[in-house]
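What follows is calculated from the coordinates using simple rules that are stated; it is not laboratory data. None of the values given here were measured: they were computed from a predicted structure. Don't worry about glycine lacking a Cβ; one is built from the backbone with ideal geometry, like all the others, and counts go over all protein chains shown.
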Amino acid sequence: MPLDTDAAAHPFDAAPRTLRVWVRLAPLVYLPVFLAWYFALEGRPTSDMIVVDSPLDALIPFDARWIVGYLAWFPYLLGGIAWLFVKDWHAYREIPRLAWLLIVGMTVCLIGYTLWPTTITLRPDAYPDQGWATTVVAALQGFDDPANVFPSLHVYTSIVVAYVVATSRYVRHAWVRWAAWALCLLIAASTCFLKQHSILDAFSAAALFAMVWAGWRLVRGSTEAA
């Protein structure tokens, strides 16, 4: 997979040093804002929310064993971001793109959750006995409301990490790039098999990423032109 050329140069080379430090730290500074906003939206009654179930979801059986892929999201997301921060802190070539993709995309999701609350009705009434996996999923869904689902933040952030890894100048081996995308697909699939999300949530996350990525390219191009 070829490197994305926007990883080789960025629009902030001439920015003051203080601004560059803040942009480096932007995802970390944004995190408490995101968490406060997200959890403020939790606990709302789902009866008045838009249901985003799809007929395609009926073709995807519930399988608690996909919890392995679902939980892989946590080290995948945090590890991917931490890896890029360590690699790119001094060169400052790829962190601005990561910051844009995360902050803009996640904010769009929060605005959508606020103005158009969404839910799903896909979770099973009774869980099949699949050992420890069923226990974990039942516990997860016991406190995780089936709300704020469209687009899927789980899927969107996974795509961001896969993209920044797969197009990074710091990755020297093709198998790492393919592995990043494979794990992204595994995580996305897990959200559907666990009935945490409708397949529409996953597709909308991919569409959102495409739009935010296009916005980055546009901003980068206009900044360079200036």
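Observations, loosely collected:
- Size estimate for the chain follows the Kirkwood approach: the inverse of mean 1/r over distinct Cα pairs works out to 18.7 Å.
- What the Cβ-Cβ distance of Ile50 and Phe74 gives, at R0 = 22 Å and to the nearest 0.05, is a FRET efficiency of 0.20.
- Considering only alpha-carbon pairs that sit under 8 angstrom and 6 or more positions apart, the relative contact order computed for the chain is 34 percent.
- About the centre of its Cα atoms, the chain shows a dipole size close to 960 debye [charges on the beta carbon of Lys, Arg (+1) and Asp, Glu (-1) only; nearest 20 debye].
- Whole-angstrom gap from segment 123-168 to segment 175-226, using each part's C-alpha centre: 16
- When the Cα positions of Tyr92, Phe193, Leu71 are compared along the charge dipole of the chain, Tyr92 comes out farthest toward the positive end, with charges on each C-beta of Lys, Arg, Asp and Glu.
- Summed residue charge, Cβ within 14 Å of Thr134's Cβ, Lys/Arg positive, Asp/Glu negative: 0
- Packing-based exposure ordering (other Cβ within 10 Å, fewest first) of Arg65, Arg172, Arg220: Arg172, Arg65, Arg220
- What the Cβ-Cβ distance of Ala214 and Phe39 gives, at R0 = 22 Å and to the nearest 0.05, is a FRET efficiency of 0.15.
- Neighbour-limited loop hits for chymotrypsin sites (Phe, Trp or Tyr not before Pro), segment 59-155 (at most 15 other Cβ within 10 Å; DSSP other than H, G, I, E, B): Trp89
- For segment 104-220, the Cβ-based charge dipole about the Cα centre amounts to some 740 debye (Lys, Arg positive; Asp, Glu negative; other atoms uncharged).
- A Förster radius of 30 Å, combined with the Cβ-Cβ distance separating Trp116 from Arg172, puts the computed FRET efficiency at roughly 0.10.
- Under a model in which nothing but the beta-carbon of Lys, Arg (+1) and Asp, Glu (-1) is charged, segment 87-169 shows a dipole of about 480 debye around its Cα centre.
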